[in-house]
1. For segment 434-467, enumerate the residues that are open to solvent by less than 10 Å² (accessible area, probe 1.4 Å) and touching a residue at least 40 places away in the same chain (Cβ under 8 Å).
2. Does Q46 fit the bill of being on the phi < 0 side of the Ramachandran plot and modelled with pLDDT under 55?
3. Would segment 543-565 turn up any residue that is more than 26 Å from the chain's Cα centre (by Cα) and within 23 Å of A648 (Cβ to Cβ)?
4. Identify, from the list G239, G203, the residue that is on the phi > 0 side of the Ramachandran plot and surrounded by 12 or more Cβ atoms within 10 Å (Cβ to Cβ).
5. Of all the residues that make up segment 935-953, how many are open to solvent by less than 40 Å² (accessible area, probe 1.4 Å), under 18 Å from A915 (Cβ atoms) and at pLDDT below 50?
6. Considering (1) buried (at least 21 other Cβ atoms within 10 Å of the Cβ); (2) modelled with pLDDT of 90 or more, say which one D539 fails and leave the rest.
7. How about segment 85-155: which strands (runs of 3 or more DSSP E) wholly inside it have at least 3 residues that are over 14 Å from R169 (Cα atoms) and open to solvent by 40 Å² or more (accessible area, probe 1.4 Å)?
8. Kindly indicate which of S167, S146 is at pLDDT 85 or above, among the hydroxyl-bearing types (S, T, Y) and out of contact with any helix residue (DSSP H, G or I) (no Cβ under 6 Å at 6 or more places or on another chain).
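The values are calculated or read from the model by the stated rules, or taken from the named source; none is laboratory data. Since the structure is predicted, the reported quantities are computational estimates derived from the model, not experimental observations. Backbone-built Cβ (ideal geometry, glycine too); neighbour counts: all protein chains shown. With ligands, DNA and RNA removed, areas are computed over all heavy atoms of the protein, side chains included. Shrake-Rupley method; radii C 1.70, N 1.55, O 1.52, S 1.80 Å.
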Amino acid sequence: MPSTSTALRVIVASVLAAALTPPQLLAAALTPPQPGRHALRARPQQPGRHALRARPLAAALVETAGLVPDGARHVSEDLVKKTHRFDVSLTEPLGLTLGEAQAGKDTCVYVKTVDESGGAHAAGCRAGDRVVATSATLGDAMWPKSSIAGVVSAVRSRLQLGNQKVSLRIERSLDDDEVALAELRSRESVKERWEVELQKPLGLTLKNVDGTPTVAQIKKGGSAERSKGRVRIGDRVVGVESAFGGRMYPVTTTKEVLAAAALPTPSISLRLERDVRVGPWSGLLRSDGDDDEDAVAPRDRRSSTQSQVQRDIGDALNVYLELRRAQLPATATASLLLDRCTFLAKTYARRASSRKAFRSGRGDAQDRLDALLQTLEDAEVELSAKFATNAVSAFVSVGAPKRGARLFERCARGDPGHPRPNRRLLTAGVSAYARLGRVDQAFAAAREATTEENIDTRLGNALLAAAAAAKDVRRAEAVFAAMTRAPSTEPAGADTGARLMPSFAPQPRAPPAAPPRALADAVTYRTMIDAYARAKRPDDAQAVLERMRTEAGLGPDRVASTALMKAHVEAGDVDAAERCLEELLEAADEVMERTRVLVAKAAAQSEDGEAPKALLGERAAAYRRARPDATCWNTLIRGYARTLRWRAAADCLQRMRDAGCPPDLVSYTNVATACLRADRPKEALRRLDELERARAAAVAVTGPGGRAARRLRPNVVAYTIGCLAHAKTGDLVGALLVLRKMRDAGVAPNERTCAAVLECCLKAGRPSSAMGLVEEMRASGVREDVVTSTLLLRCHLAAGEPAQASRLLDEMEASAVDGAVSAVDGQRGKRSRRSTAPNLVTYNAALAGFAKLGAWGEALDALDRAAARFAPNRETWAALAGISQDRSRGHDFLHDALRLLMRRDRAVGAKAYEAWLLAAARANDVDRVDALARARADGRLRIVVGERGARRRALDDGVRLDTDGRLDELEAAVLRSRRTSSAVPAKR
């Protein structure tokens with residue numbers, strides 16, 4: 001049964017959906033709640049399948065698992081309630097603030113905040129800990145405490161008597177991973193069972209030990225000695241082979257074993273049991289040596305990671321290998337080994353997300369997961385479905401879904417040593433396919449592995465998320481329809497998704513005892529709203545939100561409303577997104593208004609005339625859950641950025657503060673992006689300055705490790721926006737200062753940062769400075785992509801270095817060839833931004849740059865390379881039209897370019913052809929005009945309107961002109977000039 005605190009939070013939150021009447025809410029609101037965020041986890045829970053009984057103090061599993069702070073003394077633990085207690089010794093200044101809350105019928109004192117400079121932080125206290133006792137005024141006794149006044153009085157009395165330290169008894173909650181670690185640490189030995197067939201004479205002596213026949217001696221020359229270690233002294237005989245049928249039956253005395261051995265058979269089969277010690281296990285509590293990992297040479301990184309993973313696994317691997325060499329099954333040891341490896345996989349993934357250097361953390365986690373799998377494969381350990389599921393999920397969470405999908409595919413194929421996918425493993429595999437965009441494979445795997453009985457909500461939501469990520473609305477709608485129907489009420493002929501997933505098809509069966517429920521939950525509706533948002537269909541998203549309220553009885557929550565806002569933003573309707581935000585604000589205010597009367601009634605019924613503090617805290621918590629959070633506001637700001645409404649985006653920051661939602665890092669960067677898109681770089685820099693001031697204020701209050709300070713810590717996106725803003729103003733010095741701040745903050749630049757600095761060099765008129773910056777970024781590990789390579793090409797051309805530019809273009813072409821070969825070999829997917837293969841933007845820049853330097857051959861070669869791979873675009877025609885203005889070689893080059901495009905069977909923009917006609921007219925090059933006019937007339941030279949909206953803008957006194965007609969007139973005018981010049985007699 002859920003605790004009263006859980007019921008209270010559910011009831012107060014449901015006011016938003018108007019699901020309860022005020023009297024019902026009042027009855028529940030008067031129930032005492034649990035304490036704060038960390039203390040809430042200590043509520044009583046029913047023991048589940050993996051729950052442990054409360055252990056005595058001697059066990060001290062939590063202490064051996066390293067979960068007790070250094071210097072603290074372990075007191076007790078209760079793994080059923082998921083709590084443990086320990087004593088800490090504090091020195092002045094203590095540096096902590098306390099709060100008081102209801103815990104069932106009792107009051108408890110909990111730690112609200114911990115100052116990093118105080119004694120509490122040094123002793124290992126953290127927010128959410130509960131103070132259950134303090135040291136006595138005199139002596140070493142501990143006095144129980146249940147109020148802040150009692151704790152403060154005891155501490156003051158202790159310190160006033162001249163004591164330098166005061167002790168507090170702390171009760172701390174354990175999460176599921178910590179409980180699992182404590183359980184695994186307790187299993188230092190396992191019981192292995194196997195069967196062995198021994199020829200007579202057996203050559204062993206048995207005696208009863210603790211009621212079990214045990215091998216006491218192995219005689220020389222006997223069958224037991226020749227068993228190659230399968231029989232040892234201390235092994236217990238737990239079963240013998242029956243004389244009839246060859247079945248094993250249990251034995252408990254040596255007489256039963258001797259009776260079986262006395263039968264007239266040449267051999268006897270025994271079932272033996274042995275205690276196998278696998279030794280203690282650290283469980284990867286600390287990241288020892290991680291700080292030095294970056295110093296390892298790349299060629300030694302793989303072997304170093306392999307050895308580190310083997311140390312993480314512990315002695316269980318060696319014990320397993322020893323048993324296998326003795327030809328023992330080692331089933332129990334393998335189970336424990338896989339349990340430990342499962343915990344390691346989850347730990348690697350969790351640590352990757354908390355690393356300061358996010359990229360290196362994820363890369364290290366990927367390498368360790370690979371090494372973990374390779375180690376188990378080398379040891380020929382048959383993987384369990386639990387381990388495979390957690391390994392696939394870990395690969396997905398650390399950004400390596402392709403490796404997770406490969407592991408799932410090996411399981412689906414039934415490769416040796418790999419389990420057949422169950423429902424959880426299938427769900428993990430579908431999530432990996434979803435990250436890769438392989439929606440077809442996700443649905444194919446689900447069709448092969450599922451039946452009607454093992455389909456569940458998690459798997460359905462994973463399939464729905466895969467379809468939504470791939471923007472496959474048709475599949476998403478089919479899955480959503482299947483998950484939202486009740487199997488017993490399905491109308492005939494409805495689309496249940498059976499075409500895509502046969503498991504969703506209704507099957508004839510006996511009437512169930514209870515009415516069947518639909519599979520859909522709140523996540524299902526949110527995912528479907530997100531699918532419509534990606535497809536820019538806000539009306540359908542709104543309809544799903546209404547169904548969530550009316551059909552499913554799930555009050556639309558903040559997450560669903562945010563997804564609807566995203567749908568409006570994607571469709572370009574920012575005003576509708578703002579209306580959604582206003583509705584959320586009104587709903588949050590309604591929560592406060594509807595609970596105001598209830599709080600007043602509770603105060604009237606109390607003895608002191610005041611409402612319980614816990615009730616007021618729950619009311620405030622319900623308001624925080626209902627009001628728009630930073631994600632809602634950031635969605636709206638992103639909509640303003642797309643529509644270039646930078647002022648409205650900037651105003652959102654103050655509106656967030658007024659609504660009680662402090663802006664986070666994404667808020668500031670989104671506003672700065674809106675200013676950049678609206679060509680307001682100085683405003684963007686002002687928003688980044690606001691970000692720095694806000695973080696400085698947060699650091700002053702909570703310290704650099706506080707939650708508020710971490711939410712405002714600038715990342716690579718923020719610094720890159722700063723570089724782009726300076727690039728737009730041509731302030732190279734400002735961009736370099738941003739890079740220095742970035743380096744001092746320990747944030748590694750990426751490709752976009754490099755591109756922003758290169759663009760700043762071009763804008764500032766200092767292209768030669770770009771080369772040194774590129775070398776520095778290469779040394780820092782930044783990989784070049786097509787954008788940075790194109791900007792570097794432009795810098796070479798702007799610096800008057802055509803030879804270097806030509807060499808760089810050749811290198812980019814070579815990378816394109818290598819990429820094509822890799823794609824054929826299956827080593828690479830579709831072409832991405834990280835590729836350095838030149839695109840049309842690169843060739844257009846080379847065309848214009850070479851022509852400006854007078855390198856006409858290189859310019860024509862760049863156009864030829866571009867035409868061989870791409871169809872020229874508006875920028876290509878604009879570059880050619882600009883080249884035509886060169887009076888020395890412009891019209892000759894443009895003529896060669898037009899003939900090249902005609903030979904490549906590429907269309908020519910009307911703008912470029914018109915520029916050629918005008919340049920030829922100035923040069924009186926009538927013969928070539930006549931030749932190209934004939935080519936256009938017979939279709940060999942194709943002309944297109946290359947500029948968007950050119951037809952709408954080609955007006956003459958309000959009359960629309962046809963492009964072909966205008967070109968005909970220009971050609972005729974040039975050709976008439978030849979006839980006119982030939983009709984005029986030459987002067988004598």
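1. The answer is F443, A446, G460, L464, A467.
2. So Q46 fits the description; yes.
3. The answer is no; no qualifying residue exists.
4. G203 is the lone residue from the list that is on the phi > 0 side of the Ramachandran plot and surrounded by 12 or more Cβ atoms within 10 Å (Cβ to Cβ).
5. Total meeting the criteria: 2.
6. Only one criterion is unmet by D539, namely (1).
7. Hits in segment 85-155: 96-103, 106-114.
8. Being at pLDDT 85 or above, among the hydroxyl-bearing types (S, T, Y) and out of contact with any helix residue (DSSP H, G or I) (no Cβ under 6 Å at 6 or more places or on another chain) holds for just one of S167, S146, which is S167.
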